[in-house]
Every structure is written in C-alpha cells, then in structure tokens.
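Single-structure report; data block below.
What follows is calculated from the coordinates using simple rules that are stated; it is not laboratory data. The model shown is predicted, which means the values in this text are computed figures rather than measured ones. Reconstructed Cβ throughout: ideal geometry from the backbone, glycine too, with neighbour counts over all protein chains shown.
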Amino acid sequence: MTDTNNYALADAAHDAELARLRTIEADWDAKTRRHLQDLGVGPGQRCLEVGAGAGGVARWLSGQVGPGGKVVATDIDPRFLADLKADNLEVRRHDIAVDPLETDSYDLVHCRVLLIHMRDPAAVLRRMFAALRPAEPSCSRRPPAARAPAFPAGAAPRPSTAPRRDTSPCSRRSACG
C-alpha cells in the first residue's frame with residue numbers, strides 16, 4: 001500500500017476511533033442494509049466494501065452473499081477489521097485513491113462516509129466504477145447533508161455538473177448520494 005492519502009484519522013487513538021466508527025454504524029447500518037437489500041444483493045455475489053471502518057456492512061454483506069459469494073473489505077486503516085472472520089470475507093489494507101484494484105470484478109461496490117475524506121472524490125468514484133462488472137450495481141452512500149452526485153455506471157463522474165439525487169433507492173447502475 002502506498003501511504004499518500006494523508007487520512008487524518010489513521011493515527012487516532014484506538015478507543016476514540018472505534019467509538020466514532022461504532023457511532024456511524026449505529027446511525028447508518030440499518031438504512032444501508034435496507035438500501036443494499038433494495039439493490040438485490042444476495043447469494044453468490046462478489047462485493048467490495050471500500051472504507052470498511054469497523055466492518056458492520058462487510059459482516060452483513062458476508063451473510064447475504066453466503067458461501068458461494070465473496071466480500072472484500074478494504075480500509076486504509078484496517079485495525080478495526082481484525083475480528084471479521086468468515087470463509088467468504090477478505091480484509092485488505094488498501095488506499096482506494098492510489099493502490100491497485102481489480103477491474104471488472106465485483107457485482108456491488110459500496111462505500112459510506114468515505115468520499116468526504118478524498119482529495120479527488122471523482123477519481124475515487126472512477127476507480128470504484130472500474131471495479132464493477134459491466135452493468136452491475138454500485139452504491140456510494142453519505143449522509144444526506146453531504147450528498148454525493150449520482151452517475152450512470154460507466155460514466156466519468158463530474159461533480160460540478162452531475163445531477164443531484166434524492167434519498168430514494170438508486171438504480172442498479174448508479175452510485176448514490
């Protein structure tokens with residue numbers, strides 16, 4: 001992994017950072033699970049969770065895709081993912097902004113509260129889109145107050161010109177804000 005992202009919270013004290021991540025999970029996991037269910041995540045799928053934090057979404061995805069599927073949970077700071085143990089779940093230390101990532105490999109790519117930490121969120125979205133298998137679901141979620149633009153799969157994100165989306169479920173071929 002290349003250490004060029006300067007993620008401000010990477011060196012945060014363990015207990016304080018874990019508490020922050022657990023608060024995000026408590027506030028957002030139920031909504032995220034409903035949203036991913038609406039997208040049709042299920043058995044046999046390959047999912048990428050970018051910026052996996054404390055692993056709540058990755059753990060849930062692992063159960064949804066079952067033994068025939070796979071979940072890859074990535075984070076620049078994976079210290080809170082050590083307890084994720086499942087045959088279909090892989091944890092990676094990974095900086096989405098610069099580290100290599102498989103292309104055309106995943107049925108679903110998801111992140112939440114990640115893009116606000118990126119210097120170039122559009123470039124990160126392009127990398128995430130490239131990881132998707134053609135015409136498969138992608139969803140990037142942030143709290144509504146910091147909503148990200150939505151883009152059709154395969155389109156180059158242009159934050160300054162992209163249309164805004166409401167909080168309704170996104171299409172299977174878009175990133176959601």
In square nanometres and to one decimal, what's the mean projected area of the convex hull around the Cα atoms of region 14-146? 7.7 nm²
State the extension gain, in nm to one decimal, for the chain segment bounded by Lys31 and Ala86, taking 0.36 nm per residue of separation less the distance between their alpha-carbons. 17.5 nm
Checking the a/c ratio against 1.5 first, then a/b against b/c, what shape does the Cα gyration tensor give for region 66-120? oblate
Lys and Arg at +1, Asp and Glu at -1: neighbours of Leu61 with Cβ under 13 Å from its Cβ sum to +1
For Ile116, Ile96, Ile24, Ile76, what's the fewest-to-most ordering of other Cβ within 10 Å of each Cβ? Ile116, Ile24, Ile76, Ile96
I'd like the FRET efficiency for Asp38 and Ser105, computed as 1/(1 + (r/R0)^6) with the beta carbon distance as r and R0 of 25 Å, rounded to 0.05. 0.65
For a quick check: sort His14, His94 by the number of other beta carbons within 10 angstrom, fewest at the front. His14, His94
Built amide H within the under 5 Å cut-off of Ala73, gap 5+: Glu49, Glu90, Val91, Arg92
Candidates per GluC sites (Glu not before Pro) in region 19-107, loop by DSSP, up to 11 other Cβ within 10 Å: Glu102
May I ask for the distance between the Cα centers of region 35-67 and region 85-110, given as a whole number of Å? 12 Å
